[in-house]
Each structure stands twice: as C-alpha cells, then as structure tokens.
1. Check residue 279 against each of (1) under 25 Å from the mean Cα position of the chain (by Cα); (2) surrounded by 15 or more Cβ atoms within 10 Å (Cβ to Cβ); (3) part of a helix (DSSP H, G or I) and name the one condition it does not meet.
2. Looking only at segment 214-223, decide whether some residue is within 16 Å of ligand 1 (Cβ to nearest atom) and either surrounded by fewer than 15 Cβ atoms within 10 Å (Cβ to Cβ) or touching a residue at least 60 places away in the same chain (Cβ under 8 Å) (or both).
3. Checking the structure you have, find out if any residue of segment 175-183 is under 23 Å from residue 82 (Cβ atoms) and more than 10 Å from ligand 1 (Cβ to nearest atom).
4. Just to be sure, is residue 254 within 16 Å of ligand 1 (Cβ to nearest atom) and either modelled with pLDDT of 95 or more or crowded, with 17+ Cβ neighbours inside 10 Å (or both)?
5. Just checking, how many residues over segment 304-330 are surrounded by 21 or more Cβ atoms within 10 Å (Cβ to Cβ) and part of a helix (DSSP H, G or I)?
6. Confirm whether residue 151 is out of contact with any helix residue (DSSP H, G or I) (no Cβ under 9 Å at 6 or more places or on another chain), within 30 Å of residue 195 (Cα to Cα), outside the structural domain of residue 64 (by TED's automatic domain parsing) and within 16 Å of ligand 1 (Cβ to nearest atom).
7. Kindly indicate the residue of segment 99-121 that is touching a helix residue (DSSP H, G or I) at 6+ places or on another chain (Cβ under 8 Å) and part of a loop (DSSP other than H, G, I, E, B) and also nearest to ligand 1 (Cβ to nearest atom) among those meeting that condition.
8. Closer than 28 Å to residue 209 by Cα, within 16 Å of ligand 2 (Cβ to nearest atom) and surrounded by 17 or more Cβ atoms within 10 Å (Cβ to Cβ), is that true of residue 285?
Ligand code: KG4
Ligand code: ZN
C-alpha cells in the first residue's frame, strides 16, 4: 500500500510518499514561514498564494524522492481540515484533480489526527531522519501541541479515539508567539522564548495557571495577559501602556526572567493534564506531536513527571508535513475505511477531532 499524502492547512505546502503505514519513502516541504516573519504570524492570504506556487513542484519532488511513478501510487490522502480556508482549498482541489485524472482513491484526512500518525513511521531510506524503532501501542495518549492546536486525545485503537480536552482559547504555540512579540523576540516564539529562557530565572515571576471546568481543558489567554501586565509593571507603566513599545524598554535580564517564568508555567499547564490523563487511563504509549514537541523544557518536564519513556519522532515530522497525512491514509486504506468522492470533497476549516 503506497500512499501520496498532501498537506496545505497552514503555511507549509507538503507532500510525501509512505508505504504500508510505516516506511517513509519521501517527505517534501516548502514553507512560506519566511514571508510571514515580518508580520509576526501567518498571514492567510500570503499563505494561500504560496501554496498555489509550491504545490505542484512539491508533489513532483515527493514522487521523485520516493522514486515512484504514478502507477505505483495506490491512493491519495489529503488534509481537508482543520486549517485556514484558503490554504486548505489549494491542497484539496489539487488532490481532487489528481484523484480524478490519475484514477486513484482519495482519502480525506483530519489534520490533527494526522499529526499523531507521524509517530507510526519507523523506517526510511532518506538520510537525516531519526525515527522511533517501534510503533506506539494502544491505548495511546497523544498530546498535540502546536501553533494551532493544544489537545489531549486518547486512542483505544486506530479510528477509535476520544478527545479528552483542548484549549478554550489560544493554542500553546500561539501563546509562545504572542509572548515573544511582547518582549521583542523573533517569530516563531517557541524557539526564541526557549533560548532566552536559558538566561533567566523560571521562578522570577509567578504567572497564573488557569483553572478550567473541563478536567483536561487548557487556557493560555490568562498567562499571556499576566505576561503583558508584568512587562508593563517592570518598566514602571500601567495597563494602558501600548504593548508594542514595551520591548525596547525592558532589559535583557528582565526579558530572560519573563521568558523563563512564562515557559515554565505554559509547559506545566499541559504536563499537569498529561500526568492526570496518564494516571487515569494507564496508556501503553504516550506521543507528543506538533511544533511545541521540539521544546527541550517540555521534554524535560515530561521525563520528570511521566514514568514511561517517550519516543519522539524526528522534529521534521513534528511540524506540519505530508508524511503524517500519507501514514494515516495508509491505515485508512488498510482498515478498509471508505474513500471520498473526488468530485465533491469540501474543506472543513473548523473540523474538530
Ligand atoms: O506544528 P507547527 O509547526 O504548526 C502548526 O500546525 O501550528 O507548530 C508551530 C508552533 C509555533 O507556535 C512555534 O512557536 C512552536 O510551534 N514551536 C516551539 C518550538 N519550536 C516551535 N515551541 C516551543 N519550543 C520550541 N522549541
Ligand atoms: Zn499542524
């Protein structure tokens, strides 16, 4: 079973070929991130236009790297939600066209569910990838932490999962990005806040952890506002002081203390819930996916608090990619789940798990 996966939900145009749900044959990604840096976040119009330019070359690159001709491809899998409407449209319309013209079954994939399946890749001939040696086992607890999502999901088996909880406002990566902006660190905020935090005291400020009605729900808007108020107070100003003028008046030491204290609390917020879920459901495996999985602080806290070792996949498979979509496409086909009509598949920007 050889599946071509196509992903275009945000700012990465990606395609990949995966065989039998565990062999990574190729992984091609073109990111428009550089074009968004000047704006401090993804601009949907710019992302959609980049997808139009990149999608055909990226798919061609995925086929070439896999050394795969079209007649060897058994099916096409594409992200149809959740994501930015304009971005999703490009991937979905491309996949629909290819499914019709190349006469391949088409599988519609949920992006967030796809993220989890990056962890099922265990073999590759491509250099530069470090993959886990075995696939995760069920029950499987998945912590999905990215710029767009913060969710905790329990998989009893393939296609049998339950969303335990999710953020009620910002995603954790988004909170890192916003805090970076307040204290004048570059986008994306996760790595820049993480780096600055190494110079600071993680207990300099006691930022609040939100108390949620849902046992496994998260919230990051309170801590973000607390960072803003602290930064204003540190420069002797009140809540009316414009956030864009704060960074230039903070010392490097103040920035480092804010970064470290924010990072500790934001990461503790998700690790606290992961630990409660671990105790309640006794999963055989835990996987961490999404851009924030790259955070050394997240990895450190999880290793300290969860009793089982966590196998992280390659960082290139934690961020948005076509391989995770192709992998879930393989399992969809192997489990004889229905394919979708290439003449009518629509996007679902607000799709949930
Ligand atoms: O999964 P991803 O590439 O895109 C989305 O689907 O959102 O995640 C991007 C997010 C950004 O918010 C970025 O700040 C965060 O992942 N991120 C990190 C790190 N690297 C990326 N957050 C914390 N620590 C990191 N090292
Ligand atoms: Zn994603």
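1. With (1) under 25 Å from the mean Cα position of the chain (by Cα); (2) surrounded by 15 or more Cβ atoms within 10 Å (Cβ to Cβ); (3) part of a helix (DSSP H, G or I) applied to residue 279, the lone miss is (2).
2. yes
3. The answer is no, given that none of the residues of segment 175-183 is under 23 Å from residue 82 (Cβ atoms) and more than 10 Å from ligand 1 (Cβ to nearest atom).
4. no
5. Within segment 304-330, residues that are surrounded by 21 or more Cβ atoms within 10 Å (Cβ to Cβ) and part of a helix (DSSP H, G or I) number 11.
6. Taking the combined requirement at face value, the residue does not satisfy it.
7. 121
8. Considered against the rule, which asks whether it is closer than 28 Å to residue 209 by Cα, within 16 Å of ligand 2 (Cβ to nearest atom) and surrounded by 17 or more Cβ atoms within 10 Å (Cβ to Cβ), residue 285 comes out as no.
The values are calculated or read from the model by the stated rules, or taken from the named source; none is laboratory data. None of these values were measured; they are calculated from a predicted model. When we count neighbours, we look across all protein chains shown, and the Cβ atoms used for this are built from the backbone with ideal geometry, even at glycine.
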